[in-house]
Each structure stands twice: as structure tokens, then as C-alpha cells.
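Here is the structure we will look at.
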């Protein structure tokens, strides 16, 4: 309780407000990984959510990138505006609004984090840290700031002996993704926002830049998808955005991490909660750049179709002024078209994405194409499948060092019960994935051209904001390894996500 009081004291000093303790007639809304929303009475919501957000009318439920936001969640914003009277009395523009401007459903899942973090949990239903984190998140959303913070402690071990190579890799890995809604008009149809990402963390008693599990295994794929090799805090994304036409069109300009927006997949997109090998986080062949100056546009005219386009540099340095690196000889273009189905031949919802890229790097022009789909396997099933595949020519593959790749897998979400641990209201899931990567000519010298791998991962939610994720991988024929045909990689990470 002392930890909670200290956390609340800091939040009160920052925002100058105190928690509201009144009771309200509205109900909280929860989803199963963004799907199948359902209302919860206060007892089902759990103590941390009730304490951190005592007024359910303020709730903007958690979004899941790659899952179009359900209409009932979009209506939460309208109900809040109508119930507070702000939608009826406001004139002109509103600065730092408590609710963002409208976005179409798929774009909403990308550009709106939501202000809810305390998940109903059957093991520990309430704890001081989760309650305090939810209170802070609720208060900051009142001035237009929404975010997702991921703080993790990761241990990676290589059971097999490798002469001269390190075998254990403990590390801290932290990411903060934020959207700050700066100003919008009163009819909620357009507005400006600031998109930002901060990454920080380090290996414990080892250097992520020079020595990592990837280096020890000699693999083309990075088994520690959470590790990017940075020192201190670095900013891969800081851009100004604008949306209009009732959220049908969005544009951004600035330093952009394209992996935050393009190539999303509801079943395989994040090392914290999904499969951890970087081959599953995004398509290994696509030149999805980050920490580079660029532009991004997104257009969703209907709920069943969207398109995105991003163009960025590809030779920038982390935490450096991006302008000196801007060059027409180091530039990439990526377009993405997505088809959204609510019921694909009776299987349930699915999204099918096609991507095309052109590059200019080291004086050569390149191109390539990729495909990305997610599909629920049954109208009422908790089982889903994903696949990403891509093929680049050698010039385009110079950017990513991967010429061809296929990743695929099955994910069982909320696998065990209807309520409590393993239920639809938690982050619990099990995933099995396979990947194949072919090294590009730019990856030479290598010993194996083709690399294969498989991964089994699980998520066990312990508190409303904390879960454990055990993980095991086997990588066949690592491209840079000569002595062995494969390597086992064991991982365990604890993730605090709020």
C-alpha cells in the first residue's frame, strides 16, 4: 500500500487532481484480444480497474493493432462526450482533449492505444502497482495522452556448449509507445496528434551490440526480438500526425518507426505477448525502417478495405539528427493494401494484406513483394493462424539482408476457461510458429544459405498488469555457424505492461 500511495502522490503532483470515488451506472467493456467485446459488472472488472478508473464512462478500452476496433469500443468515445456535455457545448477547436478524434476501425487500432491497462485476472485480481498504473493512465488520458508501456526482464540461455561464445543473456528491455492528441475540432472529425516511441534497456554484464544470443548461435534471425542493440534511451519514432474526413485519412511526418504501423498481425506482432523471435515480429524481408526521417499516410474508406504507404530513409543513426542522413541514394518506399473480412467462408474474421516495396540503396534500385494474413479458425474458435511471406530481388534485400522468408503458425488465445485464469479477459495464450529465411548476397560471408526455426511460447497472466512468458526455440542450420546443425534457445521473460 505504501508503494501505491507514493505512486499516487507523484501522479497528483504532476496532474493536480485526486481520484474520483463516486459510483456510476455505466459498465466496463472488455474484449478477447480486441474481439468479441462484452460488458462487465464491477465485480468482474477487478479491483485494480475499479480503483484506477472508478468512472466506467471514462473508459476507452485497450486496442490491439491488427484487429479492427469494434463499434461498441468506438462508441465509448461518443458516450463519454455526450455524457459530459462536451459534445454539445464545445465550439471551435479543443486542445488536449480527453478523447481522441474519430478513426476508422482498422486505423483506430493503430493510432489509439486506449486508456485501460488493468486486465481482469483470475490469479491475483488486485495489486497496488496495477491500481496505481491504471490511475496514472486514466489521469493522463484526461489531457489527451494515451500510451502503452512495456517493461520486461528477459533471460535467454543456450544449453549447448559453444567454445568461446557466451551462453546466458539476462537483459532489461523497455518500450513506451505514446499518442498525444494535441487538438481536434468539436465535431470530432479531424485533429492533430504526436506519435512517439522510446526504447531503453541493456544486457546485464554483457554488451548487446557486440555479444548477443544471435551472435553466439550465428543465426540470421534474432531469437531475442526485444533486443535492438541500443545504449541508453533512444527514440526510433517521433512524428506529427493529422487525421481528417472522420478518421478515413491519416498522415504523419517525422522520424518514423514503420514497424509500429505497417505489417501488423493480430497473432504475431510483438515480442511481449506473442512469439519472441524477431522473424515473427514483422516480415524479415521488408525494409521496415525505424529511426529514419519519413512520411506515412493511411486511408480507410470503408470498414473492409484500407491502404497504407510509408517512405523513409534507410541509413540514419539512432538518436542523431535525421536530416544530414536524408539522401535519394538511401531511401525505401512501402505500400500496403488490406482486405478485412468479418466471416471468411464460415471461419470467422480475417485480414489479408499485400505489400510492395521499392528501394534505392548503395546506388542500386531494388523491389520486392510480400503477403501477410491472419485468420480465425472457426466462427466461435479461440484458435487462429498467421502467415507472412516475402521475396526481394538482391538489390532490395541489401537493406534487410534477407532475400526470401516464410513465417507461419497457430495461436490459441484465452485457451482454458470462460472466466478467471486462461479466460477471454486475460492475455493468456499459447503459440507455435515456424520460419524459413534465405540470406541475401549482402549477408555474406555465410556458411548456410537457408535457415529454419521453430518456436513454442506461452503467456501466463499473474496480475492485472504483469505476466510471465516462457519460450523455447530451435534454430536449424544457422547461416553463420559451421560446427553444429542447430541450436536450442530457452527464454523466460516477466512483462509489466500498462
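Values in this text are rule-based calculations from the coordinates and carry no lab data. In this text the structure is predicted, and so the values were computed from the model without any measurement. Don't worry about glycine lacking a Cβ; one is built from the backbone with ideal geometry, like all the others, and counts go over all protein chains shown.
Structural remarks
- Nearest-0.05 FRET efficiency for residue 394 and residue 315, computed from C-beta distance (R0 30 Å): 0.95
- Full extension of the chain between residue 434 and residue 305 yields a length gain of 43.6 nm, computed as 0.36 nm times the residue separation minus the alpha carbon distance.
- FRET efficiency for the pair residue 371 and residue 43, taken as 1/(1 + (r/R0)^6) with r the Cβ-Cβ distance and R0 = 51 Å, rounds to 0.70.
- By average C-beta atoms within 10 angstrom, highest first, the peptides 51-61, 111-121: 111-121, 51-61
- On Cα atoms only, tilt of 128-141 relative to the major axis of the chain in degrees: 80 degrees
- Between residue 253 and residue 380, the modelled labels are 5.2 nm apart [label points 7 Å from Cα along Cα→Cβ].
- Calculated FRET efficiency for the pair residue 488/residue 441, C-beta based, R₀ 30 Å, to 0.05: 0.55
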